[in-house]
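See below for the structure under consideration.
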Amino acid sequence: MSTPLIIGLAATLLAPSDLPAKLVQNPLYKAGALPATACKEPALKKNDAASAKRYLTTVFSCLDRTWGTYAKKKGLPYKRPTVHIMTVPGKKDVCGTEWQHDYVANLCGTTIGIMLKDHMLKKPDPLALMDMAAGMAGHVFLDRVGISDATIGQIPTITDAEQEEINRRELLQRDCMSGVFVGSVWKSLKRPAKDWSALLKYRERTGDDFVGGPRLRGDSESIVYWMKRGYAKRDPGACNTWTASARQVR
């Protein structure tokens, strides 16, 4: 693992007491673990957008069933997100943006847009696609329970560094929610443990210390920490990044 570009913040820039209650004391955190459920994985073929779309459609159905059942049982708000999967360059995504080169998934409100680009089809990685779908669906679920909305215009930010920290906490919470879902369906996937390890290795390379630029996503160590935490606990309550130490959200 590479050394993070910026490490060792002495303390959080914003204390939990500075944050809205919906972030730090949300009822979701006390709802309990996600039950083990089953999810099928359709065949994923090389250079075949149709099979990738079919795979993602199946995973999103699993996500809807899993989170929808959980929310109903726990008395939490839930509504299935709208999902658009694009396979043709040149069209606009769900936010009206042209086909982009720097991202493959987009969220506009509670509508999820996925762009299946060439590099995703040349070497298709089923678990990477599942993680992407689970992260986006987890983000929408966090929006339903008021967590995402509470980060918009309700936090007294002063500096760019504070805003970056908020962004990291939000996206690392999404990573943890992905881990919660994957952990809940892992047994049904009948995959060896090395596949989970391979996914974590892949996600390490998406950290700020690998890609450079603003510190918006979290470094590789933080991403892996929250994914592993969600996977092991299978509990959204384990994903409260808003009360975590600065070291855990670098």
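I need the trypsin sites (Lys or Arg not before Pro) found in the stretch 7-71, filtered to DSSP loop residues with at most 15 other beta carbons within 10 Å of theirs.
Details: sites: Lys22, Lys30, Lys40, Lys45, Lys46, Lys53, Arg54, Arg65; in loops: Lys40, Lys45, Lys46.
Passing both the DSSP loop test and the Cβ count: Lys40, Lys45, Lys46.
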- line: For the chain, the dipole about the Cα centre with charges only on Cβ (Lys and Arg +1, Asp and Glu -1), to the nearest 20 debye, works out at 1300 debye
field: Sequence-distant aspartates and glutamates (8 or more away, or on other chains) whose Cα lies within less than 13 Å of Lys46
entry: Asp118, Asp125
- prompt: What percent do you get for the relative contact order of the stretch 57-183 when only Cα pairs under 8 Å and 6+ apart count?
  reply: 24 percent
message: Explain nothing, just the number: relative contact order of the stretch 16-249, from Cα pairs under 8 Å at least 6 residues apart, as a whole percent.
response: 27 percent
message: What are the ³J(HN,Hα) couplings of the stretch 198-204, residue after residue, when phi is run through the Karplus curve with 6.51, -1.76, 1.60 and θ = phi - 60°? Round to Hz, x for glycine and proline.
response: 5, 5, 5, 4, 4, 5, 3
message: Skipping prolines and chain starts, which residues have an amide H placed within reach, meaning under 5 Å, of the one on Ile85, given they are 5 or more residues away or on another chain?
response: Ile114
query: Among Pro16, Met115, Val59, whose Cα sits farthest toward the positive end of the charge dipole of the chain (+1 at Cβ of Lys/Arg, -1 at Cβ of Asp/Glu, about the Cα centre)?
result: Val59
message: Strictly over 20 Å apart at the Cα level, which of Lys92/Lys117; Lys53/Lys228; Lys22/Lys74; Lys79/Lys187 would you flag in this model?
response: Lys53/Lys228; Lys79/Lys187
task: Report ³J(HN,Hα) in whole Hz for each residue of the stretch 173-182, in order, from the Karplus equation J = 6.51 cos²θ - 1.76 cosθ + 1.60 where θ = phi - 60°; Gly and Pro get x.
output: 5, 4, 4, 5, 5, 4, x, 4, 5, 4
- line: Here, trypsin sites (Lys or Arg not before Pro) of the stretch 158-195 satisfying both criteria (DSSP loop; at most 14 other Cβ within 10 Å) are Lys190
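All of the numbers you see were taken from the coordinates with simple rules; none came from a lab. All values derive from a computational prediction rather than experimental measurement. Note that each Cβ is placed from the backbone with ideal geometry, even for glycine, and that neighbours are counted across all protein chains shown.
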